[in-house]
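Report on the following structure.
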């Protein structure tokens, strides 16, 4: 049962960080919630979608983060409270609009939640969007616990309405995707009415037109708003200090790094020597609060993930306050006490604190290390791989093969989705570039225009169906308009599969499963003037034939839509098309001359190599019965039997 | 014969731009494919030995071994190889609308061999637009579709491999000298398979000075004319120095100087002009339009010609000594040029650890060929 609708309680519940953020928005009376799926942020919108009907919350998966932000902003301009959710990359996408929004200001409370991914556990980068708060000059809040994830989100709406500007709330994977104790608060019972006032004076922030100009005037107003926010931050309960009155060392931290600090100080047994200032309001820093704690000691260690954002701001503050508090020694990423890339963990913080205090912290006992190494050796080495029955494996098989056959050193520009794995052996190393959403088609558009400089390599791009709408469309327009010679392969698996099968504009449903208008990718591309083909990627020969035909064809943009639903989609999950088996009389094993094509190259996890019998076998537990491996077996030993 | 695997094949042939795309490595395994005249390897193969390497006419080809295997005689580097007789020949059956090169001897012989069940199938070269494609035919009507010179490398040997996989034996094949070398290596059972049966009952080799890169040549022609109208192509004997393209209603002449840049570099290491390792070799007959030169090399080749003449399918007449001498000189010249190229690239009889060669020829024969006085 979804607990998000529950009344307030006094006993804590165990909830996921993203659920806590969603609950915070509901307790704040959010009316409109938008976003674009992206790990680790997706569950916030999904949870809100589940309760949307009962609570008059409008939930929308936007086509991309910028549009999602605009949709949320419209709600704010109409006086409603609105939330927009994305992962770190999304903030870059939304930033163009955000820079204007921060200047025009908001009306109904508006909160941007960015869930970020230090260490890039599920991302193509570990970008840190905190710097956007400084660039945009809007307040930044960073929850440091699961309770704070809810409470800060709720409070962010109040703060937004106090200063009439958008508030950034930043979470990270270890908060969003971990679970912890949260005590729920009251739910509001208000039913707001949406109305956009626009007839007032141009300088009237609540009744006039909403624009970012006059720029200098609005910019000054925006900075006044920040000063107002600082006044709240000085008193905020989200900034906490624990430790002695006169510590030897002050650790300044925020977000999930706070967990690591607490653990490190406890494990080192230095809780009585080291103070811990955990900040929840990380930009702009409140100067009086900072003065109070920086004064406590001369040695300061700033502990945070990704870029030295907090570190630089603390250093600026320390410099400004130096006439009052004296000179400080500040350690962090810039002097190498804290690594400048990747996720933190308690061990890293232990090492940094020990180094700062001049302590030696012994490594674990040799027997422990030995046992750990032995245990790790028992874990089989597994490559990142497409799921059994994944349409992408079949698609990349065909794309790879035709590019080899074509032999002009053609290549594929990759994009963001499960199919990003096409860069690795599971996708036969087919992708040769990988950047932002939509960048594959943009790069291909560029490569496809280099024929005038003698480039005769075929340039291809791949995109998923969700990415197609998100950011490929403008790049495709560019390619067609500029007569670029490219082939775009749309890997249409009928959903935003990588992040949990959220719907997108190509599907006829919304976030809550209600009916919407589906846009047809094939007809869109045709209307734009591309040559379009459509094929089921499981039909390898037909896919290869069409791809070769398109590679031969000169004259602008060619599109092939390889349409097959994701193997994990509710539609296909657990339903086999075929019963697969290896005919042991036909599989010649190592005598075949195929050099184990099925288990060495094709490598679907549903295929196994029997070392004793030296033949291929089907793993019936793993196999989903897609039937593709029967098409790649050169001796016809892998066979499929249709399930009737 | 030293046999390695696909890795060595890529290093020795593909990386050195020596692959002609003959099709010998294609249709044996899932790894090698030929598309529009180019052979490509789809995925790496780790097997230490493979038929791909064993059959390839551009790596570790031991001419002496092949000669002994086929003729029971050592390789002596004679300009036009070992043969029984050389005659002029032509088909007796007119085929309106079908444009053979010269006398139609090859089509007549293959067609006859199929009809008489001397062979069960034949690996021939068809064409899709301009692109030569291999075709395994089983009846004489299909032979005519494949008639006519292509002047472009074709993966015809792959059709033989396909036939073998389908269980055919007693197959015929028509191909260029490089393909005849591949076929003979194939027939030698180089991997020593216990269940091996020689699948080839007839090999007809074509005269070949060089071939043209399929993609470059077809791109060139596509720019120049409507290629769908092309019905045949021919290179008339010197001093014409042109290629003639026959379309439905006209002939078009292209100076050879324009197409010579499309000759793959691998053709310059080939020492064989007259398909020395075939049962029969067929080419033009200079100075006698509508006739072929037919070299009868093996006993089974001689038997076939004898039957074909007896049944009135083929007409033969004496070859003029002057023509024979011209053919011999041209062949010797090709041999000498090829050996000099092989030597300059270090690809002949390389000795030492890890050294591999395109070709192995007894040193005394190399000396003899290089001493050939050419005009």
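Quick notes on this one:
- FRET efficiency, 1/(1 + (r/R0)^6) with R0 25 Å, evaluated for residue A:516 and residue A:573 via beta carbons: 0.65
- When Rg and the Kirkwood radius Rh are both evaluated on Cα atoms of the range A:10-83, their ratio Rg/Rh stands at 0.98.
- For the range A:95-170, the Kirkwood radius over C-alpha pairs fed into Stokes-Einstein at 20 °C and 1.002 mPa s yields D = 165 µm² per second.
- Cβ neighbours within 10 Å from other chains - mean over A:398-404: 3
- Annotation for the range A:159-178 versus the range A:526-583: alpha-carbon center distance of 41 Å.
- Considering helices alone, the calculated mean residue ellipticity of chain A at 222 nm is -11000 deg cm²/dmol, with DSSP H runs of length four and up weighted by -39500 (n - 2.57) and normalised per residue.
- Here the range B:308-375 and the range A:415-454 have alpha carbon centers that stand 49 Å from each other.
- With neighbours defined as other Cβ atoms within 10 Å of a residue's Cβ, the residues A:298, B:12 order from fewest to most as A:298, B:12.
- Over the range A:160-212, relative contact order from alpha-carbon pairs under 8 Å, at least 6 apart, %: 16
- If a spin label sat at a point 7 angstrom from the Cα of residue A:190 along the line to its beta carbon, the backbone N atoms of the range A:119-159 nearer than 12 Å would be those of A:157-159.
- Spin-label model distance (nm) - residue A:365 vs residue B:248, 7 Å beyond Cα toward Cβ: 9.3
- Derived value for the range A:578-642: Kirkwood hydrodynamic radius 11.4 Å. Basis is the mean of 1/r over every pair of different alpha-carbon atoms.
- Summarised as an ellipsoid, chain B has semi-axes of 29, 23, 23 Å, derived from the eigenvalues of the Cα gyration tensor scaled by 5 and square-rooted, with the largest first.
- Relative to the longest principal axis of the Cα atoms of chain A, the long axis of helix A:366-377 makes an angle of roughly 40 degrees.
- Average projected area [Cα convex hull, the range B:214-262], square nanometres: 3.4
- Contact order, relative form, for the range A:391-563: 23 percent (alpha carbon pairs under 8 Å, 6 or more residues apart, mean separation divided by residue count).
- Semi-axes of the equivalent ellipsoid for the range A:336-450, computed as √(5λ) from the eigenvalues of its C-alpha gyration tensor and ordered from largest down, come to 43, 22, 11 Å.
- Cα-based shape type of the range B:253-294, given that a ≥ b ≥ c are square roots of the gyration tensor eigenvalues and the cut on a/c is 1.5: oblate
- Our compactness index for the range A:240-357, the C-alpha radius of gyration over the empirical 2.2 N^0.38 Å, is 0.94.
- For the range A:133-201: rounded, prolate or oblate by the Cα gyration tensor [a/c cutoff 1.5]: oblate
- Using alpha carbons only: equivalent-ellipsoid semi-axes of the range A:154-299, gyration tensor based, whole Å: 38, 21, 12
- Cα-based helix-to-principal-axis angle, A:65-77 vs chain A, degrees rounded to 10: 40
- Computed over the range B:161-208, relative contact order equals 55 percent, with contacts defined as Cα pairs under 8 Å that lie 6+ residues apart.
- Pairwise FRET efficiency - residue A:385 versus residue B:49, Cβ, R0 = 25 Å, nearest 0.05: 0.25
- Counting, for every residue in B:36-46, the Cβ atoms of other protein chains within 10 Å of its Cβ and taking the mean gives 5.
- Candidates B:278, B:321, B:308, ranked by Gaussian network fluctuation over chain B, Cα under 10 Å, top entry: B:321
- Taking the C-alpha atoms of the range B:78-191, convex hull volume expressed per residue in Å³: 135
- Shielding by partners, peptide B:27-33 (average Cβ within 10 angstrom, other chains): 5
- Theoretical FRET efficiency, 1/(1+(r/R0)^6), r = Cβ-Cβ of residue B:129 and residue A:608, R0 41 Å, to 0.05: 0.40
- Three-way shape call for the range A:443-600 based on the alpha-carbon gyration tensor, with the a/c threshold at 1.5: oblate
- Folded to 0 to 90 degrees: helix A:215-234 orientation relative to chain A principal axis, Cα: 70
- Computed log₁₀ I(q)/I(0) - Debye formula, equal Cα scatterers, no solvent, the range A:371-427, q 0.22 Å⁻¹: -0.87
- Order of B:142, A:542 under a 10 Å beta carbon neighbour criterion, fewest first: A:542, B:142
- Each DSSP beta bridge with both residues in the protein assembly as shown is either parallel or antiparallel, and the antiparallel ones are about 45%.
- Chain A: Cα Rg divided by the 2.2 N^0.38 Å rule of thumb: 1.07
- When each of the peptides A:149-157, A:372-380, A:445-453 is scored by the mean number of other C-beta atoms lying within 10 Å of its residues, the order from highest to lowest reads A:149-157, A:445-453, A:372-380.
- Counting every C-alpha pair in the range B:322-375, the share spaced more than 14 angstrom apart comes to 57%.
Just so you know, all these numbers are worked out from the coordinates, no wet-lab data involved. Keep in mind that what you see is a predicted model, and the values were worked out from it rather than measured. We place every Cβ from the backbone using ideal geometry, glycine too, and count neighbours over all the protein chains shown.
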